[in-house]
1. For the chain, taking Cα atoms only, what is the radius of gyration to one decimal and the Dmax to the nearest whole Å?
2. What list of ³J(HN,Hα) values in whole Hz, one per residue of region 44-52 in order, does the Karplus curve 6.51 cos²θ - 1.76 cosθ + 1.60 (θ = phi - 60°) give from phi, with Gly and Pro shown as x?
3. Which order do 42, 17 take by accessible area at a 1.4 Å probe, largest first?
4. Roughly how many Å² of residue 23 are accessible to a 1.4 Å probe, to the nearest 10?
Amino acid sequence: MPAPEERPAGAPATDRIRALKELRPGLTAHCHGLAFLAPADISEERAKAIHSSDKLWGCPTTATQDAEAAHAWVRSR
């Protein structure tokens, strides 16, 4: 998930919401979990989205700063 300042110009929130709505059924059916690599100073808005799990993504989620921890979490799912 790119930070707001890194998002392409002209990509309104409605486009991102529409894309997520298209992805969610597949995530719900096939995904055991999403691990996000995120910096320690992640914005509250982004942190909420990452940790909203089934409500937003359709599957469990976690966030970490360590790629190995992310891989271990995914393998344990």
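1. 13.1, 39
2. Computed from phi, the couplings for region 44-52 are 4, 4, 5, 4, 4, 5, 5, 8, 7 Hz.
3. Result, largest first: 17, 42.
4. 110
The values are calculated or read from the model by the stated rules, or taken from the named source; none is laboratory data. Since we're looking at a predicted model, the values are computed, not measured. Only protein heavy atoms, including side chains, enter the accessible area calculation; ligands, DNA and RNA are left aside. Shrake-Rupley method; radii C 1.70, N 1.55, O 1.52, S 1.80 Å.
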